[in-house]
Amino acid sequence: MTSTTLGLIAFAIAVGCLPPIQAGVNATIAGHHGHPLWGALTNTVVASLTLLVIIVAMRVPTAGVRGLADAPAWSWLGGTMGAVMVLSAIILAPRLGAAAYVSAMVVGTVAASLTIDHFGLIGFPVRPASVQRMIGGALVIIGMIAVQTD
């Protein structure tokens with residue numbers, strides 16, 4: 001494994017620390033709004049404004065509309081998935097606790113990732129679900145159960 005790969009993994013781990021923090025922050029703003037949907041909308045608006053500031057600061061060229069017309073229909077669902085993730089975190093994390101919520105989410109993420117890799121779905125290269133990868137997935141499930149057991 002190269003130092004670049006290790007650095008990318010370290011960054012991914014750091015980003016992985018954000019979901020429980022984001023869930024708590026979003027649940028707090030939702031509580032001040034009085035409804036989870038307003039909290040999710042606040043999150044999305046702030047995220048969009050943040051990206052807009054970064055785009056302007058980095059002077060990213062304007063995207064061509066013609067290229068968007070060629071995108072597969074399913075590629076437009078990313079924003080919807082993000083909204084579902086934010087809203088579910090606002091609702092579920094305070095009820096389950098940060099560790100239980102995130103560990104369950106990680107099981108879903110790993111299961112979907114193994115499937116996507118195995119079949120080379122949505123533009124990913126095929127990476128077969130080897131015995132070693134399946135054992136890793138099973139260990140993630142065992143970890144979720146351990147985290148959720150009091």
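Scan the range 52-79 for residues that are of a type in the set (Ser, Thr, Tyr) and surrounded by 10 or more Cβ atoms within 10 Å (Cβ to Cβ) and jot them down.
Hit for the range 52-79 is Ser75, nothing else.
Output the residues belonging to the range 85-121 that are surrounded by 15 or more Cβ atoms within 10 Å (Cβ to Cβ) and in contact with a Ser or Thr (Cβ under 8 Å, 6 or more places away or on another chain).
If the condition is that a residue be surrounded by 15 or more Cβ atoms within 10 Å (Cβ to Cβ) and in contact with a Ser or Thr (Cβ under 8 Å, 6 or more places away or on another chain), then Val86 is the only one that fits.
Quick one: Met85 ticks every box in (1) under 22 Å from Ile21 (Cβ atoms); (2) over 19 Å from the mean Cα position of the chain (by Cα) except a single one, so which number is it?
Going through (1) under 22 Å from Ile21 (Cβ atoms); (2) over 19 Å from the mean Cα position of the chain (by Cα) one by one, Met85 breaks only (2).
Considering each of Val107, Val60 in turn, give the residue that is among the aliphatic types (A, V, I, L, M) and assigned by TED's automatic domain parsing to the domain that holds Met144.
Testing whether each residue is among the aliphatic types (A, V, I, L, M) and assigned by TED's automatic domain parsing to the domain that holds Met144 leaves just Val107.
For the range 94-120, give me each residue that is in contact (Cβ under 8 Å) with a residue 40 or more places away in the chain, in contact with a Pro (Cβ under 7 Å, 6 or more places away or on another chain) and either farther than 26 Å from Val45 by Cα or of a type in the set (Gly, Ala, Ser) (or both).
Hit for the range 94-120 is Ala98, nothing else.
So how many residues does the range 10-51 have that are assigned to a loop (DSSP other than H, G, I, E, B) and either in contact (Cβ under 8 Å) with a residue 12 or more places away in the chain or closer than 12 Å to Ile91 by Cα (or both)?
Residues flagged as assigned to a loop (DSSP other than H, G, I, E, B) and either in contact (Cβ under 8 Å) with a residue 12 or more places away in the chain or closer than 12 Å to Ile91 by Cα (or both) within the range 10-51 amount to 1.
Look through the range 127-150, keep the residues that are hydrophobic (A, V, I, L, M, F, W, C) and touching a helix residue (DSSP H, G or I) at 6+ places or on another chain (Cβ under 7 Å), and return whichever of them is farthest from Ala98 (Cα to Cα).
Step by step, filter the range 127-150, then rank; the result is Ala129.
If I go through the range 38-51 residue by residue, how many of them are over 18 Å from the mean Cα position of the chain (by Cα) and surrounded by 14 or more Cβ atoms within 10 Å (Cβ to Cβ)?
1
Kindly provide the set of residues from the range 126-138 that are assigned to a helix (DSSP H, G or I), without any contact (Cβ under 8 Å) to a residue 24 or more places away in the chain and surrounded by 14 or more Cβ atoms within 10 Å (Cβ to Cβ), ordered by number.
Arg133
In the set Gly7, Gly82, which member is surrounded by fewer than 13 Cβ atoms within 10 Å (Cβ to Cβ), in a helix (DSSP H, G or I) and out of contact with any helix residue (DSSP H, G or I) (no Cβ under 7 Å at 6 or more places or on another chain)?
Just a single option satisfies the conditions, and that option is Gly7.
Which one of the conditions (1) more than 21 Å from Asp150 (Cα to Cα); (2) in contact (Cβ under 8 Å) with a residue 12 or more places away in the chain; (3) not hydrophobic (A, V, I, L, M, F, W, C) does Gly123 fail to meet, given that it meets all the rest?
(2)
Scan (1) assigned to a helix (DSSP H, G or I); (2) farther than 30 Å from Ile29 by Cα for the single condition Pro61 breaks and write down its number.
Against the list (1) assigned to a helix (DSSP H, G or I); (2) farther than 30 Å from Ile29 by Cα, Pro61 comes up short only on (1).
What about Ile141, is it surrounded by 12 or more Cβ atoms within 10 Å (Cβ to Cβ), hydrophobic (A, V, I, L, M, F, W, C) and touching a residue at least 24 places away in the same chain (Cβ under 8 Å)?
Yes: the conditions hold for Ile141.
The values are calculated or read from the model by the stated rules, or taken from the named source; none is laboratory data. These figures come from a predicted structure and were not determined experimentally. Reconstructed Cβ throughout: ideal geometry from the backbone, glycine too, with neighbour counts over all protein chains shown.
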